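Before any comments, here is the structure.
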Amino acid sequence: MAIRLARGIVMGGMVLISSAALAQLPECRVDFPNGSTRSLPLAATAETRSVGLSGRDDIGPGMLFAWRGEGMRELWMKDTRVALSAAFIDAHGVVRKVVDMQPYSLERHGSNEPVRYIIEVGTGGFGALGVVVGSRVGIVCADARIIAARPQEPRPRDESVGQR
């Protein structure tokens, strides 16, 4: 009994830490293909990306994950209570893959090609936002360490992107 109580206190504390950390994350403006805009919390460090939306019952408008460069990216849903959809997005804002993910699943969802951003929203949320493979999103972050993807930037045909 004491072990269960201690485990519950630790788990509850992790949820509080996760919720507090999410509230303190910087936000980025994301412009979706349907013309709508959302301010999404930015997970741009290894620590914030590893926590993501896990341990939460309310995911709000979603979350933006970002890296300094493109690379092969992977997600899973361990400790995530809410079903999510994820869009894998390259440095130019082009959506390369969209997946639906089930709560608490250990299944790994990979990008299949180098991407710089991942956006997570509640399952099915991308339909109303006009997000499909090949569509473009605009990502504008005030944080100078993250260079924004802009939908109007054409992708160079001869660009060679290395995995990071």
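Give me the strands (runs of 3 or more DSSP E) completely within the stretch 56-142, filtered to those with at least 2 residues that are surrounded by fewer than 16 Cβ atoms within 10 Å (Cβ to Cβ) and touching a residue at least 40 places away in the same chain (Cβ under 8 Å), ordered by residue number.
Working: elements: 63-71, 84-89, 95-101, 115-122, 138-141.
Per the criteria, 63-71.
Working carefully through the options R38, R56, R73, find the one that is closer than 23 Å to E107 by Cβ and modelled with pLDDT of 95 or more.
Values: R38 fails: closer than 23 Å to E107 by Cβ; R56 fails: modelled with pLDDT of 95 or more.
Being closer than 23 Å to E107 by Cβ and modelled with pLDDT of 95 or more holds for just one of R38, R56, R73, which is R73.
Against the condition within 22 Å of T45 (Cα to Cα), of a type in the set (K, R) and either modelled with pLDDT under 95 or in a strand (DSSP E or B) (or both), how does R157 come out, does it pass? It is false that R157 is within 22 Å of T45 (Cα to Cα), of a type in the set (K, R) and either modelled with pLDDT under 95 or in a strand (DSSP E or B) (or both). Here the stretch 110-147 is the region considered, the condition is being farther than 27 Å from D100 by Cβ and of a type in the set (G, A, S), and the residue that is modelled with the lowest pLDDT is A144. Among the residues of the stretch 41-77, those that are farther than 21 Å from R29 by Cβ and of a type in the set (A, V, I, L, M, F, W, C) comprise A46, V51, M72, L75, W76, M77.
Could you look through the stretch 22-53, keep only residues that are among the aliphatic types (A, V, I, L, M) and part of a strand (DSSP E or B), and pick out the one that is farthest from A83 (Cα to Cα)?
First pass over the stretch 22-53, keeping only residues among the aliphatic types (A, V, I, L, M): 22-23, 25, 30, 40, 42-44, 46, 51, 53.
Subsequent filtering for residues that are part of a strand (DSSP E or B) retains 30, 40, 42-43.
Numbers: V30: 21, L40: 18, L42: 19, A43: 19 Å.
Ranking the candidates gives V30 first.
The values are calculated or read from the model by the stated rules, or taken from the named source; none is laboratory data. Note that the coordinates shown come from a computational prediction; the quantities given were computed from them, not determined experimentally. Note: ideal-geometry Cβ built from the backbone for every residue, glycine included; neighbour counts use all protein chains shown.
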